[in-house]
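To start, the structure itself, in structure tokens.
The values are calculated or read from the model by the stated rules, or taken from the named source; none is laboratory data. Note that this is a predicted model, so its numbers are computed, not measured. Glycine gets a Cβ as well: all are built from the backbone with ideal geometry, and neighbour counts include every protein chain shown.
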Amino acid sequence: MLYIDGQWVQAVSGEELEVINPATKEVISKVARANGEDSKLAIESAERAFKPWKQKPAKERASYLKDAAAYLREHIDSLAETVTKEMGKPVNEAKGEINLAIDYIDWYAEEAKRVYGETIPASHKDKRLMVLKEPVGVTAAVTPWNFPVAMITRKVAPALAAGCPVVIKPASATPLSAIKVFEAFHEVGLPKGVANLVSGSASKVVGEMTRNPAVKKITFTGSTEVGKKLMRDSADTVKKVSMELGGHAPFIVFEDADIDKAVKGAVASKFRNAGQTCICTNRIYVHENIAEEFGKKLSGMVSQLKIGNGLEDGVAIGPLIDEGAYEKVDEHISDAKEKGAKVLCGGKKASVDNQNGWFYEPTVLQGATDEMVISTEETFGPVAPIYTFTTKEEVVERANHSEYGLAAYCYTKDLNQAYFMMEELEYGIVGINDPIPTTAQAPFGGLKESGIGREGGHHGIDEYLEEKFVSLNIG
Ligand code: NAP
């Protein structure tokens, strides 16, 4: 179903899209497939909702968000099962994602009340200078499948908190999770038009969003390629944009690091969500003196990870999202092997009893080099290539040699070295001895072609606000 103007509706065309469980390749549901016309109706509804919504006191907007957070908390088990069924991640990881998603709602329910303006000392005795912060207006949000709940709330919560109504187009692979999030908005009585859901044709739904002058802001999470297209398409109506795009994270382990902690960190950063995470490790640089030991320990731990349907107990590696993802992983590994990498564990498609899905063995490659395709392209799969390095200057240069700049990780006990890395790494997020840095109260986002703008923290709400300068002459 679509959710437009406070109602659950079918698509105007009557079209439907199939939802497939990647663990079994079975069709688990059919949902309405929106086109441009549905998108337009949703935008018009949001436009009508804008004024009354922005005029509500922040405390009142916040209370809807708090109620929605409470509703999701109550329904976490069934929502987690839906996430696992439609995109494959193990159910405990799905619960972790939903808790993060709820944290964003809670955080922005509080931030709604802290949209402070500014007064500026004037150079003329009769003038009073102020900056007012106002909601930017109707916001269109386009989200990916890999975090089908958190990527929605990380946009909807700050937008609603700021006073902006939203129209969401979730990924076509994961419309059911989005519907469940919207059930929360419906159940807490969010005024009609304030949040709208239009799953469906990317080109038509999003095409309408970028063309329509009523949309003042586009917020996107997904691939760099599509993000660039949306920026170009938004230029004609000069929309405000924020872009959370692809990544290619280096993970650097110095000789002085606690190797066991670094190995555990690499597993957490690389293999959660079967490697389908924008901030997940893509290149592991290990100091040459400890590379062999690190490789042995890492492959020992990775070969223990249980592959299977994420609904089963103890599963750590679920299926990949689709055939394309599966083939891409295989191609990256073949290329690396041809160019001299050694497979320490995994390295091939996996077969799982009673499941017909896109499973791939978690893989560790030793002897990776900068010439391999895996060194520059986002794999988005469970493959950990290990490179070696000699000096910190050399490794920083290689780590930064990427068009991406989302997240980077570094393991060391040396404070000076940690500071050097913190300052030299050209990445929007740096985890030092920390493989899972994401948290609702901190800004998340990338440098270079990984994006524009930040989500999370007090910074995230600014993406949905305009600054209005007022000069008052009282003379
Ligand atoms: P994607 O192919 O770019 O899709 C993302 C969204 O854009 C989906 O809703 C998709 O709709 C829509 N879309 C696709 N083609 C479009 C087009 N031509 N015009 C308008 N909309 C279009 O990315 P994905 O495969 O879902 O997600 C993986 C990517 O997201 C990776 O690169 C990952 O690094 C990135 N990501 C970044 C962050 C971050 O915070 N920086 C977080 C998560 C993921 P359909 O599903 O209908 O095609």
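Taken over the range 201-227, residues that are more than 10 Å from the ligand (Cβ to nearest atom) and without any contact (Cβ under 8 Å) to a residue 12 or more places away in the chain amount to 0. Considering each residue of the range 118-130 in turn, at least one proves to be among the basic types (Lys, Arg), farther than 30 Å from residue 314 by Cα and part of a strand (DSSP E or B). Considering the range 199-227 alone, what residues qualify as being among the polar types (S, T, N, Q), surrounded by fewer than 24 Cβ atoms within 10 Å (Cβ to Cβ) and under 17 Å from residue 445 (Cα atoms)? Residues satisfying the conditions are 223, 224. Residue 373 - would you say it is under 23 Å from the mean Cα position of the chain (by Cα) and either within 16 Å of the ligand (Cβ to nearest atom) or assigned by TED's automatic domain parsing to the domain that holds residue 126 (or both)? No, not satisfied. Of 312, 244, 288, 292, all but one fail to be within 16 Å of the ligand (Cβ to nearest atom) and acidic (Asp, Glu); the exception is 244. Close contacts from the range 430-445, counting a first residue that is within 15 Å of residue 257 (Cβ to Cβ) and a second that is within 13 Å of the ligand (Cβ to nearest atom), with Cβ to Cβ under 6 Å and a gap of 6+ residues or different chains, come to 431/437. The residues of the range 260-281 that are of a type in the set (Lys, Arg) and more than 16 Å from the ligand (Cβ to nearest atom), listed by number, are 261, 264. Filter the range 400-421 for residues that are surrounded by fewer than 17 Cβ atoms within 10 Å (Cβ to Cβ) and either closer than 30 Å to residue 107 by Cα or within 16 Å of the ligand (Cβ to nearest atom) (or both); which is nearest to the chain's Cα centre (by Cα)? Step by step, filter the range 400-421, then rank; the result is 403.
Identify, from the list 173, 157, the residue that is closer than 17 Å to residue 83 by Cα and touching a Phe, Trp or Tyr at 6+ places or on another chain (Cβ under 8 Å). Give the derivation first.
On the way: 157 fails: closer than 17 Å to residue 83 by Cα.
Criteria check complete, one pass: 173.
Scanning the range 328-338 turns up at least one residue that is farther than 25 Å from residue 87 by Cβ, buried (at least 22 other Cβ atoms within 10 Å of the Cβ) and in the same structural domain as residue 296 (by TED's automatic domain parsing).
Screening residue 180 on (1) farther than 26 Å from residue 57 by Cβ; (2) within 16 Å of the ligand (Cβ to nearest atom) shows it passes everything except condition (2).
Scanning the range 187-200 for residues that are closer than 17 Å to residue 73 by Cα and either in contact with a strand residue (DSSP E or B) (Cβ under 7 Å, 6 or more places away or on another chain) or within 8 Å of the ligand (Cβ to nearest atom) (or both) yields nothing. Of the candidates 178, 173, 262, the single residue that is outside the structural domain of residue 63 (by TED's automatic domain parsing), modelled with pLDDT of 95 or more, buried (at least 16 other Cβ atoms within 10 Å of the Cβ) and among the small types (Gly, Ala, Ser) is 262.
Does residue 257 satisfy being more than 10 Å from the ligand (Cβ to nearest atom), over 25 Å from the mean Cα position of the chain (by Cα), buried (at least 21 other Cβ atoms within 10 Å of the Cβ) and among the small types (Gly, Ala, Ser)? Yes. The sole residue among 424, 397 that is more than 16 Å from the ligand (Cβ to nearest atom), surrounded by fewer than 16 Cβ atoms within 10 Å (Cβ to Cβ) and not polar (S, T, N, Q) is 397. Scanning the range 320-336 for any residue that is in a loop (DSSP other than H, G, I, E, B), closer than 17 Å to residue 380 by Cβ and in contact with a helix residue (DSSP H, G or I) (Cβ under 7 Å, 6 or more places away or on another chain) turns up at least one such residue.
Name the residue, out of 133, 95, 127, 56, that is on the phi < 0 side of the Ramachandran plot and in contact with a Pro (Cβ under 9 Å, 6 or more places away or on another chain).
Numbers: 133 fails: in contact with a Pro (Cβ under 9 Å, 6 or more places away or on another chain); 95 fails: in contact with a Pro (Cβ under 9 Å, 6 or more places away or on another chain); 127 fails: in contact with a Pro (Cβ under 9 Å, 6 or more places away or on another chain).
When all the criteria are applied, what remains is 56.
If you go through the range 27-73 and pick out every residue that is part of a helix (DSSP H, G or I) and either charged (D, E, K, R) or not assigned by TED's automatic domain parsing to the domain that holds residue 180 (or both), you end up with 14.
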